[in-house]
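Taking it in order: structure first as structure tokens, then the write-up.
The values are calculated or read from the model by the stated rules, or taken from the named source; none is laboratory data. Please read these numbers as outputs of a predicted model, since none were measured by experiment. All Cβ positions, even for glycine, are placed from backbone atoms using ideal geometry, and neighbour counts span all protein chains on display. The area values use the complete protein model at the heavy-atom level, side chains included, leaving out ligands, DNA and RNA. Shrake-Rupley method; radii C 1.70, N 1.55, O 1.52, S 1.80 Å.
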Amino acid sequence: SGKTKTITHRIAYILEKNLAGPAEILAVSFTNKASGEMRERVAALLGRPNFDRSFMPYMGTFHGICVRILRQDGEYIGTARNFVIFDESDRVALIKQLSKQLQIDEKKYPAKLIGSVISSAKNELVGHQEFTGLVNSPLQKVAAQIFPLYEKALSQHNALDFDDLIGKTVSLMSTVDDIRKKWQKQFKYILIDEYQDTNSAQYKLVKLLVNENRNLCVV
């Protein structure tokens, strides 16, 4: 339908007209593959070698870009620069362990299902304390028992899960004015592909990163 073409041609135009440098453009897509294709297309339009990884340093997924931001500035909210990232299998393994400790029936309440409830809460920027007050099903009640222990265990492992990458970046931008202004100044143009897939946390992040010039383009 031409969505990615729209984004890539706009980026090429911005660069060609010297409206911004490659590091001043934030271009987001939802998979690493899609981001790689966007990078290749822009490079081709501009006659640049697409293997040059320094080209378009802030073109990637929401998660990838948040990792870069947190590695630089996460310490302002207590996130160590050398944090490790727990993927889905790490999360399920940890929740299985915690379910065993609490003697929760794994067959009735599988770790993957509990993980998805916690993930949904985090994507709505709901923490474990607030979540406890929103419980309205047996599954959510079990998740509410696991949630604080899961967060404590992540902290002990110096780890963030995928949902934390965005949640922590939103927290950073919301609470530390100087850091928010620094990144708003960095990104003169923000472009988002497949915008219909954004969740609450990603939407909030975009709102925090857009500066007073409001150069936001989504397809």
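Compute a Gaussian network model of the chain, connecting alpha carbons closer than 10 Å, and tell me which residue from Ile118, Ile14, Ile192 fluctuates the most. Its mean-square fluctuation being the largest, the pick is Ile14. The portion of the accessible surface of the chain made up by carbon and sulfur, rounded to a whole percent, is 49 (1.4 Å probe; DNA, RNA and ligands excluded).
Taking the C-alpha atoms only, the angle from helix 62-73 to the longest principal axis of the chain is near 90 degrees.
Taking amide H positions as modeled 1.01 Å from N, with prolines and chain starts lacking one, the residues under 5 Å from Ile192 and 5 or more places away or on another chain are Val28, Cys217, Val218, Val219.
Helix 32-46 and the long axis of the chain differ in direction by around 10°, with both axes built from C-alpha atoms.
For the stretch 182-219, the residues whose amide N sits under 12 Å from a probe point set 7 Å from the Cα of Thr6 along the beta carbon direction are 192-196, 217-219. Lysine pair count for the stretch 130-195 with Cα-Cα distance under 29 Å and sequence separation of 8 or more or different chains is 7. As a rough guide to protection, the peptides 57-68, 73-84, 197-208 ranked by mean Cβ packing within 10 Å, highest first, stand as 57-68, 197-208, 73-84. Using a Gaussian network model of the chain in which every pair of alpha carbons under 10 angstrom is joined by a spring, one finds that among Lys181, Lys33, Lys17 the greatest mean-square fluctuation is at Lys17.
The value given for the stretch 93-219 is a Kirkwood hydrodynamic radius of 16.3 Å, derived from the mean inverse Cα-Cα separation.
In order along the stretch 131-140, the Karplus-derived 3J(HN,Hα) couplings, from 6.51 cos²θ - 1.76 cosθ + 1.60 at θ = phi - 60°, round to 4, 4, x, 9, 5, 9, 8, x, 4, 5 Hz, and Gly and Pro are given as x.
Averaging the sequence gap over all C-alpha pairs within less than 8 Å and six or more residues apart, then dividing by the number of residues, gives the chain a relative contact order of 27 percent. The Cα-based radius of gyration and maximum Cα-Cα distance (Dmax) for the stretch 100-171 are 12.0, 35 Å.
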